[in-house]
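Where a number appears in this text, it was derived from the coordinates with a stated rule and is not lab data. As the structure is a computational prediction, the values presented were derived from the model and not from experiment. For neighbour counting, all protein chains shown are included, and Cβ atoms are generated from backbone atoms with ideal geometry for every residue, glycine included.
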Amino acid sequence: DTAVSQTPKYLVTQMGNDKSIKCEQNLGHDTMYWYKQDSKKFLKIMFSYNNKELIINETVPNRFSPKSPDKAHLNLHINSLELGDSAVYFCASSQGTRLVETQYFGPGTRLLVL
Amino acid sequence: GENVEQHPSTLSVQEGDSAVIKCTYSDSASNYFPWYKQELGKGPQLIIDIRSNVGEKKDQRIAVTLNKTAKHFSLHITETQPEDSAVYFCAASMGPNSKLTFGKGITLSVRP
């Protein structure tokens with residue numbers, strides 16, 4: 001049973017394209033996150049949603065738009081992809097509303113923009 | 001905002017030896033300090049955490065110590081095994097509604 005799943009696992013696309021990454025968690029958690037991990041392994045939070053409401057929105061370009069249709073899903077849509085968007089994107093979830101609970105990460109989506 | 005630094009960036013130990021990874025943080029208001037392990041091709045996974053009301057916590061071969069005065073905390077792994085080889089991230093948070101700020105990660109290699 002996969003706790004936090006992401007699709008696709010790999011995404012190779014051209015500059016300027018629009019793409020989406022999907023995330024689902026079957027843990028019954030209330031809070032979900034998107035993180036970006038760059039080529040140097042630096043892990044930085046992008047967004048956090050609690051019960052479909054945005055609670056963290058870091059300094060991320062407007063080209064990135066998260067969408068949470070329900071509390072088990074948090075998708076990430078990226079418009080007008082740029083070379084610098086190439087990274088691994090991780091979805092995560094945690095129980096309750098406190099951000100200091102254990103975060104469970106998905107397997108990551110490896111995005112390469114050519 | 002919070003700044004978390006990890007030292008060293010890489011660490012290589014012989015199987016069976018101990019490994020110590022240190023982190024420092026900048027904001028004295030931080031009170032939650034988790035450690036995550038990331039294996040190759042996978043997402044990070046929590047291995048241990050500590051809150052500011054305790055100075056040390058152990059879980060089998062893993063322990064974390066916290067020095068709030070000096071604003072640093074350390075991960076101790078005893079009797080290292082090849083499967084301990086991974087990237088280890090420390091993180092800090094200022095409370096229930098604050099994000100986790102991660103360090104840059106350290107690559108631990110355990111030589112058989």
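When A:ARG98, B:ARG111 are arranged by Cβ crowding within 10 Å, least crowded first, meaning fewest neighbours, the order is B:ARG111, A:ARG98.
The distance between label points at A:LYS44 and A:ARG110 comes to 2.2 nm (points 7 Å beyond Cα on the Cα→Cβ vector).
In this rough spin-label picture, where each label sits 7 Å from Cα along the Cβ direction, the B:THR69-B:SER109 distance is 3.8 nm.
Assuming R0 = 22 Å, can you tell me the calculated FRET efficiency for the pair A:LEU83 and B:THR10, based on Cβ-Cβ distance, to the nearest 0.05? About 0.20, to the nearest 0.05. Compute a Gaussian network model of chain B, connecting alpha carbons closer than 10 Å, and tell me which residue from B:SER98, B:SER30, B:SER85 fluctuates the most. Among B:SER98, B:SER30, B:SER85, the largest mean-square fluctuation in the Gaussian network model of chain B belongs to B:SER98.
Sorted from fewest to most neighbouring beta carbons within 10 Å, what does the list A:VAL60, A:VAL113 look like?
A:VAL60, A:VAL113
Put in line by how crowded their Cβ is, counting other Cβ atoms within 10 Å and starting with the fewest, B:VAL13, B:VAL110, B:VAL54 read B:VAL54, B:VAL13, B:VAL110. Filter A:LYS44/A:LYS67; A:LYS9/B:LYS22; A:LYS22/B:LYS104; A:LYS9/B:LYS58; A:LYS22/B:LYS37; A:LYS52/B:LYS58 down to the pairs with a C-alpha to C-alpha distance above 30 Å, please. With Cα atoms farther than 30 Å apart: A:LYS9/B:LYS22; A:LYS9/B:LYS58; A:LYS52/B:LYS58.
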